[in-house]
Protein chains: 2
Amino acid sequence: MTPFQVTILGCGSAMPTTYRNPTSQLIEVNNKLFMIDCGEGTQLQMRKYKARMSKLHSIFISHLHGDHVFGLPGLLSTLSLMGHTGEINIYAHKELEYFLTSFMKYYGTQLNYKINHFHLDSKNNSVIYENKSIEISSFPLKHRVDTNGFVIAEKDAPLHMKGDMIDFYRIPFSKIKEIKDGADFITEDGRVIDNKLLTTLPNPPRKYAYCSDTAYSTKIIPYIKGADVLYHEATFEEADKARAKKTYHSTAKQAAEIAKQSEVKKLIVGHYSSRYRELNQLHSEAKSIFENTVLAFEGMKIDI
Amino acid sequence: MTPFQVTILGCGSAMPTTYRNPTSQLIEVNNKLFMIDCGEGTQLQMRKYKARMSKLHSIFISHLHGDHVFGLPGLLSTLSLMGHTGEINIYAHKELEYFLTSFMKYYGTQLNYKINHFHLDSKNNSVIYENKSIEISSFPLKHRVDTNGFVIAEKDAPLHMKGDMIDFYRIPFSKIKEIKDGADFITEDGRVIDNKLLTTLPNPPRKYAYCSDTAYSTKIIPYIKGADVLYHEATFEEADKARAKKTYHSTAKQAAEIAKQSEVKKLIVGHYSSRYRELNQLHSEAKSIFENTVLAFEGMKIDI
């Protein structure tokens, strides 16, 4: 299997601490590097965890609160200093232009690559990137400002051709694509060879879902259903549930409830409030609802 | 003596590394906290080194290159989250408004304090802040964009009154100010008491000078002359002198040459290029010209 791996660069919340960085993560898939959110210090975290900046393909910004976006100017400048050329795609809400325009006005002339800013749709689910192998979509979350979650999913792969069968039945190259798509093979003398003899099933497509920041909302379930891994914010412990509601954040228990109802395989929680130094309570509250819950930490790598 | 202390929060240059943060430093003097420059991650460095954010009085930005300014949005937001009220003064070139305006447009409504932006004069030396005890001035440096250095200096203090002499000669309270300013005291029966009997000399006023970023320029000497401590950038070793010239930076030897000609007491060098992991060579080059040179490092505290 080709790598499909998430690296947590930061899983703190608005108030940074000495032990937690603001939100950012990297997703390596399809031999490309995608970033979701870019809090202050993200470029330093990339260095610390030896991420290959030159591979960065696109940046997805869930919403414009500072702890998800203030690392962008530094990262964009450093990419240029490092000789990045070509393009960088940024998927973010329209209002990022307030920020980008001023940055470009003073710093943009020095950049040796082009920034493409694609606007996120804060009302609807939509595919925002796709190629032959993967599809990335965004969907609305429930927060104080327009906020989107993201799903990065592999597409259904074709069947695997058995190499030895190609030789055995002398299958011409021109027939291989249709066999991979499920067709039987008919030999020169008219024998029908069942597709099952010629192929094996591909690996099932993998799916990663990201939901931060958001209040508890069952509306997101259809989008994240059945994900191999769900990252869901869990800013608060259950005792601070009222505060979670007021600030449009989730408790760990609520994150776990969403994971359970969405039938995901694994839940990663993060975006912890700076008030919690220890996370055991938060963790056990989530596990009481959804056993396969792990706590995000800086530098964590998760294979999807 | 009241504290007059510099804390180095970052002494790297444009390309951040895992072991050096971009430029920022704090100066505690006159029971106030001043910041010079604010590279990305500065607020985290403040936490790491236990600086008291609530004491922050003013921020001085030498120039608008990202490694001196990209930490500002995060710091300003966090100050507000922490409940800072009143005002924050920012002394920076006019063009900071490109940056501040966009920040204020999206984030400003949430701030519970006022930002005063004072424009630096990039052509002349000028006093930018003063009170009874201290004076802060700025002066032009020689860099690729408008850049200013800063001098933070105590004013001449009045003479110290000897407490026991007040009682002995029954000096009325109303006379004390003029005696502190140098006057003799005349007793009720007409005797003239020499001021020298009544007072001791105050501590000499202390002076700190900051020069980063800048090419070698003897024009700055009159401003920084006789400083107790000079912080001067030393981006390059002597072997990279041509590169220093081209990028309007200094070598360590050039920084030391300025220190020597300015007759300062101590030189701190910083703003090292990311190409140097080890700084021994850079240090010894500076020391060959000016012996009392120390290397800046993150977390360093210097008593002026």
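The values are calculated or read from the model by the stated rules, or taken from the named source; none is laboratory data. The shown structure was predicted, so the numbers you read here are calculated from the model rather than taken from an experiment. Every residue, glycine as well, gets a Cβ built from its backbone with ideal geometry; the counts of neighbours run over all protein chains shown. For accessibility, only protein heavy atoms count, side chains too; no ligands or nucleic acids. Shrake-Rupley method; radii C 1.70, N 1.55, O 1.52, S 1.80 Å.
For residues that are of a type outside the set (V, I, T) and either facing chain A (nearest Cβ under 10 Å) or surrounded by fewer than 24 Cβ atoms within 10 Å (Cβ to Cβ) (or both), scanning just region B:1-11, find the one that is nearest to B:P204 (Cα to Cα). Residue satisfying both the conditions and the ranking: B:M1.
When the residues of region A:65-79 are filtered to those that are over 17 Å from the mean Cα position of the chain (by Cα) and not in a helix (DSSP H, G or I), which remaining residue is surrounded by the fewest Cβ atoms within 10 Å (Cβ to Cβ)? Among those that are over 17 Å from the mean Cα position of the chain (by Cα) and not in a helix (DSSP H, G or I), it is A:H65.
No other residue among A:I179, A:I186 is within 25 Å of A:I134 (Cα to Cα) and of a type in the set (V, I, T) apart from A:I179. Being at pLDDT 90 or above, surrounded by fewer than 24 Cβ atoms within 10 Å (Cβ to Cβ) and more than 13 Å from chain A (Cβ to nearest Cβ) is true of B:K32. Scanning region B:35-77 for residues being closer than 15 Å to B:Y210 by Cβ and more than 13 Å from every other protein chain (Cβ to nearest Cβ) gives a total of 7.
Taken over region A:1-43, the criterion of being in contact with a Gly (Cβ under 7 Å, 6 or more places away or on another chain), touching a residue at least 40 places away in the same chain (Cβ under 8 Å) and polar (S, T, N, Q) is satisfied by A:N21, A:T23, A:S24. Counting only residues that are at positive phi and open to solvent by 10 Å² or more (accessible area, probe 1.4 Å), region A:225-282 holds 3 of them. Within region B:268-295, residues that are under 16 Å from B:D213 (Cβ atoms) reach partners that are at pLDDT below 95 and basic (K, R) with beta carbons closer than 8 Å, at six or more positions or on different chains, in the pairs B:Y272/B:R20; B:S274/B:R20. Of the residues making up region A:80-117, those that are surrounded by 14 or more Cβ atoms within 10 Å (Cβ to Cβ), more than 11 Å from every other protein chain (Cβ to nearest Cβ) and not in a loop (DSSP other than H, G, I, E, B) number 7.
The residues of region A:124-154 that are open to solvent by 60 Å² or more (accessible area, probe 1.4 Å) and either part of a helix (DSSP H, G or I) or more than 21 Å from A:S250 (Cβ to Cβ) (or both), listed by number, are A:N124, A:V127, A:E130, A:K132, A:E135.
Kindly provide the set of residues from region A:44-58 that are out of contact with any Phe, Trp or Tyr (no Cβ under 7 Å at 6 or more places or on another chain) and either touching a residue at least 60 places away in the same chain (Cβ under 8 Å) or open to solvent by less than 20 Å² (accessible area, probe 1.4 Å) (or both), ordered by number.
Selection gives A:Q45, A:M46, A:K48, A:Y49, A:M53, A:L56.
Just checking, how many residues over region A:12-29 are open to solvent by 40 Å² or more (accessible area, probe 1.4 Å), within 14 Å of chain B (Cβ to nearest Cβ) and not small (G, A, S)? Adding up the residues that qualify gives 3.
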